[in-house]
Amino acid sequence: MKKIILVFLLLGFIATPNLFSQDNDASQDTGKNSVEEAAKEAWGLYVQYRRTIKEMVKYWEDEIKAGLKNGKYIDKKNDKQYQRTKNIFDKLLQSQHLSKDRKKYNWRIYVQNSSEVNAFAALDGIIIINRGIIDFCQNDDELALVIGHEIAHITENHIKKQVGTKIVMEPIIERVASFIAQKKNKRLRTEEISDKEISDKELFQLIFGLSGELALLKYNRSQEEKADKIGAMYADSVKYDTTKGYDFWKRMASISNDSKWTVFLSTHPYSEQRAKAFLKGDYKKID
């Protein structure tokens, strides 16, 4: 919690325009007002973050409740796929590496009635596994790696980090772009913004925005690699064969043109390096 508040406080300072636009001879009072403004900005971002997380948790609670009623999701022990999935899930939760997180979340797993090959984690310990990916996994070792990967997304707070990143991106881009326009105005001693300056601001927003999206994508890949490693660590600790991850990803690469893989590949990008990591035991070298 303390780390989150500090991050939003820092981003509040970055996103507050008066901090950038101070003249060297600015008064102490003005500086104090700028700090207060930055603190308010940071608190506002943090409140928005907390509200968004709360709304997401409620959304998934309602979604699961409705889905169980209409048959979209399954949690019945008489369903063979669900029972297989639940057994693996329960075994993974007994990993020694999950001792601190076991009671931290309300862990639940559901099978989704979909042939689409996909699996994903939601907030507060909810994991969704589609029938399509259960069918694709040739053994329990592969399925354990898929489930362990999604567990790791939750324990590493990847979802919350993504929410926080998206919340702060927009105001920072806007404020820094405005700061550039203000500096140009001051240099030209005019309050009016020329067409050229508007063009410069829009170009900056475009470039920064694209850079931000690329950074976000890179961050996602970093999260995916971390989830692979930690998920494999969970699986290995309860005696699953993590080298099967190589077979899983090599098979996936051979059928990646199948439309059923579209969603999964968009969030779980394949790479040769990712596949080989399971053979090399990279999960034993967690950063």
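Which of Lys72/Lys166; Lys226/Lys280; Lys91/Lys250; Lys54/Lys229 have a Cα-Cα distance over 18 Å?
Where the Cα-Cα span goes over 18 Å, the pairs concerned are Lys72/Lys166; Lys91/Lys250; Lys54/Lys229.
Farthest toward the dipole's positive end in the stretch 37-155, which of Ile88, Asn106, Tyr46, given Cβ charges of +1 (Lys, Arg) and -1 (Asp, Glu) about the Cα centre? My answer, from the dipole projection, is Asn106. From most to least packed by mean Cβ count within 10 Å, the peptides 133-139, 160-166, 48-54 give 133-139, 160-166, 48-54. Here the ratio of the Cα radius of gyration of the stretch 36-103 to 2.2 N^0.38 Å is 1.72.
All of the numbers you see were taken from the coordinates with simple rules; none came from a lab. Fair warning: this is a prediction, and the values are worked out from it, not measured in the lab. FYI the Cβ positions are ideal-geometry reconstructions off the backbone, even for glycines, and counts take in every protein chain you see.
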